[in-house]
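The values are calculated or read from the model by the stated rules, or taken from the named source; none is laboratory data. This structure is a prediction, so every number in the text was calculated from the model and none was measured. As a convention, Cβ positions derive from the backbone with ideal geometry for all residues, glycine included, and neighbour counts pool all protein chains shown. With ligands, DNA and RNA removed, areas are computed over all heavy atoms of the protein, side chains included. Shrake-Rupley method; radii C 1.70, N 1.55, O 1.52, S 1.80 Å.
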Amino acid sequence: MENRYNPTEIESKWQKTWGETGANLTCEDQTKPKFYALSMFPYPSGNLHMGHVRNYVITDVIARLKRMQGFRVLHPMGWDAFGLPAENAAIDRGIPPAKWTYENIAQMREQLKRLGLSIDWDREVATCGPEYYKWTQWLFLQFYQAGLAYQKEAAVNWDPIDQTVLANEQVDSEGYSWRSGAKVERKLLRQWFLKITDYAEQLLQDLDKLDGWPERVKLMQANWIGKSTGAYLEFPIIGKNESIGVFTTRPDTAFGVTYVVLAPEHPLTLQVTTPEQREIVERFIAEVASESELERTAEDKPKRGVKTGGMAINPFNGEEIPILIADYVLYEYGTGAVMGVPAHDVRDFKFAKENDLAIKVVILPDDADNSDICLIDAYTDTGTMINSGSFNGMNSAKGKNAVIRMAENEGFGKARTQYRLRDWLISRQRYWGCPIPVIHCPSCGSVPVPDADLPVKLPDNVDFTGRGASPLAQLEDWINVLCPSCGEPAKRETDTMDTFIDSSWYFLRYTDAKNSEQCFAKNKVNDWMEVDQYVGGIEHAILHLLYSRFFTKVLRDRGLVSVDEPFKKLLTQGMVQGLTYKNQKTGKYVTADQVVAKDGEYLERETGEKLNCFYEKMSKSKYNGVDPELVLGKYGADTARMFILFKAPPEKDLEWDDADVEGQFRFLNRVWLLINDYAETPPTPLKKGGSLSKEEKDLRRAIHTAIKEVSEDLEGDYQFNTAVSELMKLSNALKDSKCKNSAVYQEGIETLITLLAPFAPHLAEELWRIIGNTKSLNQVVWPSVDQEALIVDEITLVIQVMGKTRGNIQVPANATKEELEKFAKESEIGARNLTGKEIKKVIVVPGKLVNFVVG
């Protein structure tokens, strides 16, 4: 018999067999419980990386286990296929985005198949396909009809040389365009938004329902939603019939407001600016326009501002206060204005000092008798209110509600709950995205494209230059259409949708992926949803998961789905890290072949300069990546799977180590030889009623201990690494067994193969056939634990004299303390060590030891 383990041959054989027999197609047997296992689908960049491999292997183990446990399993795959890289390829290499994308999909699909993933490829989706984005457009119109999609002006990154909008990724850290090198400006454009803020409270409250999510992910979402309770207050502008509205969580400090600040882009800014200050204000607005939101709000960046010359009234005390503009105030956030209370806010205190603004103390620590403390630094805790009119002497915590009541009674404020979450800007001035199905008519306004005319397809006759307006905006024959409402000449919307839209509902499409008449049939989507186990990277903890939750709730309210949440359990797998070398002097990364190890240090071969050696997330730019193709070619998919599962718990970062990969390959080779040796001389069946020898009992205990431990490791927190350790223990127990001609040994061999199946499916299938089975492991039931087999008949009892171990004996597991003492005394060890000595005391630890204290 062939005894050499040949993973290439075995894996190609079984991948072909599974494809031909439909082994991975979704079972529709409604008598079985359902299980929906899903990995976050990838962007089709053209090549898998090890992060992909880890994600998909984890989900595949879960899917395979659930099939063997009797579930009907939905385990699909697709492609998050719209996005900027395809458009860049069109600009740089003249390749149409669709051609580039579909070629990459084909390449990555074959790579995924080589991993032996039990994916139902009949349900494959690509978000760039008209058969998919037709329904993305239809769902957008559902939001539109519900009043949840609207247009307003919002800032974009503008390249003044190429006269085009840039994505954030196209602006470097210094604020320059990646292509033209121009200093990027901020420019207002009319864009589409989804009203996610209407669902802010639901999204926050329903986090409590997500028991199967990591706490840190729920906390990240809660912080992103950012609920605050406080007050909306209005400060009248002197000389204008206008007020500046602000939100504050500290209404108890309202008497201490000594200035208000507008966002530079606020519509009131130029209205309140005096002629004397106009030049300064306009220059400042131009400077701020070139800064990104991140730059403007960075904690470590000095806060800059200028006075407008305008004045407002603090309605609480009637005092006149200056109106400023500052870079740290954003028009898109809150009201686009803030009140300044320098005595009781750290940022305001520093800003006031730098801009020579008044500082007024209105809260003191309860034990303070003067206000000097606030002249040194801001006092931000609660305390006693002073300089606050009728509220003097009141505790500031109670003063919050009292001040709000005053504002409500006087008509210049009210209680308000506010969220950090802002409405979702979905417009992209790009070609390679889902067209927004709206037509703009001079008479009718914005008119939705009728359902019968969907999808609005992307045109093919497009030139990609990277300059000027969006490619769609330059196609007159595509833009100019008749209004569906009045029939007059009109124009298509030329913005496309944020690609997060595509990924916010793809998990619903999988439930009915080939339906050409509906987005999905209600009975099918409600049958499969929620996703029982979702697996993906922590980098998607906020936006993708939040948007998917938002979509699900809106579609629930539209009567399209019946679930409140899309994902029941979430596993955020850690990163795959590679050994990385970095020049200590230059900070540049160095390839492994340029590294020399000498006297415990790492040196760069060419320069002799010292290198730091550490593990870091795999990246092309750091020269620390490992090509999955090379690993699969050398060791096979099963070894790659085993290493990734064994090396670290799934939620932890994984450090790639070639020696550990080799270790898993050796383990699979040992299993291969063990099973092949068994197949050559199978045991004779045990006769009914026959009793088991001690060796057989011990082996059967090892078998059922493995079943118990592996089964427990594959539930809950998914401790794949310890499950693989249990497989190794069982393999060793079988190898060392002295009852290889027993039916218990046969049970052990079959159990080892069955438990191995989710982890190394190709090898397991091959070994299953080698031992004479004809049915696929896909159809084999996951083994259950025989609790009786776990019962230990005998235990090892340690015998000690004066605390020193003298040996051990086998005794009945259920022996009493008296019996244990008797067994120890009468044993050969006891006789040898106790004869002629007076036993003064006997210490018995049941199940462990007997210690004799002698004179």
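Side notes on the structure shown:
- Residue 24 vs. criteria at pLDDT below 95, assigned to a loop (DSSP other than H, G, I, E, B) and either within 18 Å of the chain's Cα centre (by Cα) or among the polar types (S, T, N, Q) (or both): no
- Residue in the stretch 103-125 that is free of Cβ contacts under 8 Å to residues at least 60 places away in the same chain and part of a loop (DSSP other than H, G, I, E, B) present: no
- Scanning the stretch 44-61 for residues that are closer than 22 Å to residue 651 by Cα and open to solvent by 20 Å² or more (accessible area, probe 1.4 Å) yields a count of 3.
- One residue from 252, 327, 300 being within 30 Å of residue 400 (Cα to Cα) and either at pLDDT 95 or above or out of contact with any Lys or Arg (no Cβ under 8 Å at 6 or more places or on another chain) (or both): 252
- Residue list for the stretch 407-466, filter: assigned to a strand (DSSP E or B), β-branched (Val, Ile, Thr) and surrounded by 16 or more Cβ atoms within 10 Å (Cβ to Cβ): 438, 439, 447
- Restricting attention to the stretch 467-476, the residues being among the small types (Gly, Ala, Ser) and either surrounded by fewer than 13 Cβ atoms within 10 Å (Cβ to Cβ) or under 15 Å from residue 180 (Cβ atoms) (or both) number 2.
- Out of 99, 13, 32, 66, sole residue that is surrounded by fewer than 16 Cβ atoms within 10 Å (Cβ to Cβ), in contact (Cβ under 8 Å) with a residue 12 or more places away in the chain, among the basic types (Lys, Arg) and not in a loop (DSSP other than H, G, I, E, B): 13
- Subset of the stretch 607-629 that is acidic (Asp, Glu) and touching a strand residue (DSSP E or B) at 6+ places or on another chain (Cβ under 9 Å) - its residue that is surrounded by the most Cβ atoms within 10 Å (Cβ to Cβ): 616
- Residue pairs whose Cβ atoms lie under 7 Å apart, separated by 6 or more positions or on different chains, with the first residue in the stretch 651-667 and part of a helix (DSSP H, G or I) and the second of a type in the set (S, T, N, Q) and open to solvent by 20 Å² or more (accessible area, probe 1.4 Å), do not occur.
- Among the residues making up the stretch 181-208, a single one is in a loop (DSSP other than H, G, I, E, B) and within 30 Å of residue 570 (Cβ to Cβ): 195.
- Criterion applied to 306, 288, 329 was being among the aliphatic types (A, V, I, L, M), open to solvent by less than 60 Å² (accessible area, probe 1.4 Å), in a helix (DSSP H, G or I) and under 30 Å from residue 174 (Cβ atoms), and the one residue passing it is 288.
- For the stretch 153-180, the set of residues classified as open to solvent by less than 70 Å² (accessible area, probe 1.4 Å), assigned to a loop (DSSP other than H, G, I, E, B) and among the aliphatic types (A, V, I, L, M) consists of 167 only.
- Cβ pairs under 6 Å, 6+ apart, first in the stretch 830-852 and more than 15 Å from residue 798 (Cα to Cα), second among the hydroxyl-bearing types (Ser, Thr, Tyr): none
- Residues that are modelled with pLDDT under 95 and open to solvent by 80 Å² or more (accessible area, probe 1.4 Å) within the stretch 189-214 comprise just one, 190.
- Where strands (runs of 3 or more DSSP E) fall entirely within the stretch 527-611, those with at least 3 residues that are within 28 Å of residue 28 (Cβ to Cβ) are at 533-537.
- Residues satisfying the stated conditions in the stretch 628-647, i.e. among the charged types (D, E, K, R) and free of Cβ contacts under 8 Å to residues at least 60 places away in the same chain: 634
- Test result for residue 281, at pLDDT 95 or above, crowded, with 17+ Cβ neighbours inside 10 Å and assigned to a helix (DSSP H, G or I): yes
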